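Computed from the coordinates by the stated procedures, all read-outs in this text should not be read as laboratory data. Worth saying up front: this structure is predicted, and the values here are computed from it rather than measured. Cβ sites come from the backbone with ideal geometry, for glycine too, and all protein chains shown count toward neighbours.
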Amino acid sequence: MFPNIMLKLFLLLFLPSLTSAAMSATSLVFEPATLGTPTEITFTFTTSTAIDDTEQIRLDMPGFTRGSRSNTVGSNQLDQTLAKRSPSSSWNVYWYEGTVASSFSDSYMLIKPVQGTAGAGAGSTHIITIDRFMSISANCGTTATQVFRLVDESLGETVVGSGSRTAFGGGCYFTGTRVDVVQPIDKTWMELSFQFTPAMVIGAGENVTFNMAGFTNHNFTGISSRINKDERVGYGGASMHAIPILPEASAEIFTSHWREGTYVKHAAGFVNSTFELTVKSGKSLTPGTTYSLSIDRVKNKIGTMCSIKEDFDKITISTNAVEGVVSKHPVQHTDAVGNGCKDLNYCSGHGACNYCTETCNCEHEYGGVGAIVEEREIRKDCSERVCPAGYAWGTLPTAGDAGHSLMECSGAGRCNRAQGACICFEGFGGAKCERRTCPIINSEMCAGHGTCLSIRHLSSKLDALPLSNPTNYFVTGDHPPIYGGGREGNIGGVGNITWDEKTLHKCHCDSTWSVGLGSGETQEPEYFGHACQLKHCPSGDDPLTTVDETDCSGKTAPGGKGVGQSGNKCFVECANRGVCDYETGLCVCFKGFWGSACEILKDVPGSEEEE
C-alpha cells in the first residue's frame, strides 16, 4: 500500500566518510498502531561510526501528520522534554509537518545530539522514544517494509541496512463528501451533484464509487422492459444502463458509469445501484483537493421510486486506490428526496419512517407493533403515548373459557396520551385501572381503620370475614387461599387461577381484640362495614341468662363457613342488654343494666350500684 509514500527511514549523517558506514539492530515501533491515534515511536539503532553534536539523524516519515486526519495540516514541533533516551546521552527531537497534497509524504523528523554532549560513539546502541504527546499519527494505512539509507551532503545515497517496523492496518478516507439533489421529488428525474476530497492519490485507472442506494435510471413502476418483466427478479445488479453525461471539466478527468441496482417489489429496492468514476489515463487526483461534478437530469433520467431520508447512511463512497483503499463509507451529507414523513412530524422522534409508504412505524409505547391501543384513538405520527393495558372489565367473551381481553386502562379509565398514564374511573385504581379500589371515607382508604386487600389475599387470612376452617390446599405451617390460584410462593393451586382474585378488593378491618375461630379469639372484629367505618361496642355475657352467650366452642361463625374451636368466643354486643352507637363504639344500656357492655344488673345484690 502507498508505494510513493511508503514509510522510509532516511538517516542524514554529516560524516567525513561513508565507506564504512553501517547500522544494525534497526527498528521503528509504533504503539498503538491505530490510524488517526497519537502513537509512541520507539527508534532503536546501533552505530558503526560516531555521531557528534554537529551531526543529525533524519527520519523521513511519509504518511504521518500532527493533524486531525481530516485533510488538515498540523504544526511543526520541537519538544525535547518528551523524548526519552537510552543510554544517558541526550537528544533533541524536531518534527516537520508535510503537506496534504503530497499525502504527507514530505513529513520528517530530525534527531540531534544535544550541544556539548559526547553524542553517540561507534558501536553503541541507542533507543530513542518519541512520546505520544507529540500527537504524531498515521494518516492512512502503512506497511511494515522499511529500508535505512545514509545520505551525504551531495545527496548521494548508500543503503546501510534494513529493519522492522510496526505496520498500520486499514484504509484511508475522504472528507467533504456530499450528494446534492436538484428537484428532490421521488418518482421524477433529478440532477445529481457529487463532491469529495480524497486523502490519497487516486491514479489513472482507479475508481471512486458512490453507492446510490434507492436510485434508478428506469421508469418508476419497478418493471424494466430492457431486462425482463419478472418483478420477482427485477433488474440485474451488474447491468450497465446509462453512461452519465458529465460537465466538460469533469469529463476531462473521469469516465463514468451507472450500474443499475436490483429492484425489490413493495420495498426500497435498488440498494446496490452505483455511480462509478474512473480516472483517465495520464490523470490523477491530488490529496486535499476538492472535486465536484454533476450528472444531467434529462439526459440521464435518474431518480428514486421511494422517498429517501436526509443523510441516508446507505449512500456511500469508496475507492480502490492503491495508496489508500476505502471501503464503503457513508457520505457525510445527502439531500432528502420526497416527502418522507415530513407531514407526520418525522415520526415525532418516536418511530421509524417507512419512506416508501410514507408512514411511521412507531415505537411500542407510542402505538407500535404489539401495542394494545384503539387505532382510532391515537395519532399516526408517534406523538401520543400508549397507556398500559389490563384485562378488560366489560368485554364480551370470545369463547366459553376466554373473556376479559386486554384493553388500554382495562376499559375502566381514559388514557392521558401526553404522559402515557391512565386516569381511572371512580372506583377503579392501579396503573392499568386493573383493580376495584376499596371505599374511601373522610379521605382515608377503609376509613383509616382497615387495610385494602385482594380477594386472594383475604382468603388466606385467618381473621378475614367470613371466618372459615381451611381444608383445601393445606400446607403445613401456612394458611393457603381458599379462593384463587395460590398465595405468593405457594402455587399449588395454579391451575385454579381466577381473573378477579387480584382485581377485586375489600377492606380488612382492624380490631383491638384477636379475631378468628381459635381459642381466645372472637368471631367479630372491632371495626366493620364495607369501609370499616363502623365500630362495634364491647361484647359481654347476657346477665339475665344462665348460659354463657360468649362461648362459641363448636358454634358456626356468621357466614356459615367455619366452626369455633374450644375456647372460641362469640360476639355478644352490649350483652344483648343495650344499643350500640356505631359511630362511637359505646353501649347505651337498657334501664337496669350498666357496664361498658351492659353486662351488669343494677339491682343485683352486692353490685357496686346497690344502695
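Estimate the FRET efficiency between residue 369 and residue 272 by the formula 1/(1 + (r/R0)^6), using the beta-carbon distance for r and 35 Å for R0, to the nearest 0.05.
Working: r = 28 Å, r/R0 = 0.80.
In this case the efficiency is close to 0.80.
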Task: Gained length - residue 106 relative to residue 289, 0.36 nm times residue gap less alpha-carbon distance - done: 64.2 nm
TODO: Mind pulling the per residue volume of the convex hull built on the Cα atoms of region 395-470? Å³ is fine.
DONE: 137 Å³
- [ ] Would you mind putting 355-362, 412-419 in packing order, based on average other-beta-carbon counts within 10 Å, highest first?
- [x] 355-362, 412-419
Task: Overall dimensions of region 516-611 by Cα: Rg and Dmax, Å - done: 14.5, 48
- [ ] For residue 179, enumerate residues with amide H under 5 Å from its amide H, sequence gap 5+ or separate chain, H modeled in the peptide plane.
- [x] 333, 334, 335
Open item on the list: In 5 Å bins starting at zero, report the fraction of Cα pairs in region 311-377 per bin as a rounded %.
Closed with: 4, 15, 16, 17, 14, 9, 9, 7, 5, 2, 1, 1
Task: Packing-based ranking, highest mean first, of 529-536, 113-120 given that Cβ atoms within 10 Å are counted - done: 529-536, 113-120
Open item on the list: Among 411, 459, 395, whose Cα projects farthest towards the positive end of the dipole of region 347-464, with charges put on the beta-carbon of Lys, Arg (+1) and Asp, Glu (-1)?
Closed with: 459
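Taking region 262-351, which GluC sites (Glu not before Pro) meet the DSSP loop condition and have no more than 12 other C-beta atoms within 10 Å? Present the calculation step by step, with values, prior to reporting the outcome.
Working: sites: 276, 310, 323; in loops: 310, 323.
In loop regions of region 262-351 (DSSP not H, G, I, E or B), the sparsely surrounded GluC sites (Glu not before Pro) are 310.
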- [ ] Determine, for each peptide in 345-353, 457-465, the mean count of other beta carbons within 10 angstrom over its residues, then list the peptides with the highest first.
- [x] 457-465, 345-353
